[in-house]
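Colleague: Just dropping this structure here.
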Amino acid sequence: MATTQLAIVAAERNVFAGEVDLVLAPSAVGQLGILPRHAPLLTLLVPGTLHIRQGDSERLLAVGGGFLEADQTHVTALVNSAEWAEEVDVGRAAAAGDRARQRLRARDPGTDMVRAEAALRRSTARLKTAERAGRAGRPDLS
């Protein structure tokens, strides 16, 4: 079976490098599936879960947005933040979401609403990634 080279880089670390069978990425226009020999593509990533499939195994990565470039043999994701599902501190992510919701509800003139909305999206992405990884069997990729 054909594979593609995947590299995921965050500001603080190289997250992943290796051969994969499939990448499912949260793009600005919806979930994007990338297989080997993909047409050239450059897209914006939004906060969400990035799925990496290698043979029968699948890893889930919470990403905080970024960019993804693909061609026939390589996929490169430059992400703002990245946490493997098993690295997500669920309590911390939930608390961050609660703080963001409080800021959005309060509508304080001194609150940066764009930042609060972004924090809520990142928190939601982290929690959903952890939840998907906790399910028995493979997560639903729809």
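Colleague: Could you please give the count of residues in the stretch 1-19 that are closer than 15 Å to Ala70 by Cα, buried (at least 19 other Cβ atoms within 10 Å of the Cβ) and under 16 Å from the mean Cα position of the chain (by Cα)?
Modeller: Residues meeting the conditions: 2.
Colleague: Across the stretch 102-132, which residue is nearest to Gly48 (Cα to Cα) among those that are of a type in the set (Asp, Glu) and under 17 Å from the mean Cα position of the chain (by Cα)?
Modeller: Glu131
Colleague: Among the residues of the stretch 44-53, how many are out of contact with any Phe, Trp or Tyr (no Cβ under 7 Å at 6 or more places or on another chain) and free of Cβ contacts under 8 Å to residues at least 40 places away in the same chain?
Modeller: Of the residues in the stretch 44-53, 1 are out of contact with any Phe, Trp or Tyr (no Cβ under 7 Å at 6 or more places or on another chain) and free of Cβ contacts under 8 Å to residues at least 40 places away in the same chain.
Colleague: I'd like to check something: does the stretch 89-110 contain any residue that is among the hydrophobic types (A, V, I, L, M, F, W, C), free of Cβ contacts under 8 Å to residues at least 40 places away in the same chain, farther than 25 Å from Glu12 by Cα and outside the structural domain of Glu19 (by TED's automatic domain parsing)?
Modeller: yes
Colleague: State which residue is nearest to Glu117 (Cα to Cα) when the search covers only the stretch 3-59 and only residues that are assigned to a strand (DSSP E or B) and among the charged types (D, E, K, R).
Modeller: Across the stretch 3-59, the extreme among qualifying residues is Arg13.
Colleague: So Thr111 ticks every box in (1) surrounded by 13 or more Cβ atoms within 10 Å (Cβ to Cβ); (2) modelled with pLDDT under 90; (3) in a helix (DSSP H, G or I); (4) not small (Gly, Ala, Ser) but one. Which box is left unticked?
Modeller: Here Thr111 meets the rest and fails (3).
Colleague: Say whether the condition of being over 23 Å from Asn14 (Cα atoms), touching an Asp or Glu at 6+ places or on another chain (Cβ under 8 Å) and assigned to a loop (DSSP other than H, G, I, E, B) is met by at least one residue in the stretch 133-141.
Modeller: Yes: one or more hits.
The values are calculated or read from the model by the stated rules, or taken from the named source; none is laboratory data. All values reported here derive from a predicted model rather than from experimental measurement. Every residue, glycine among them, receives a Cβ derived from its backbone with ideal geometry; neighbour counts consider all protein chains shown.
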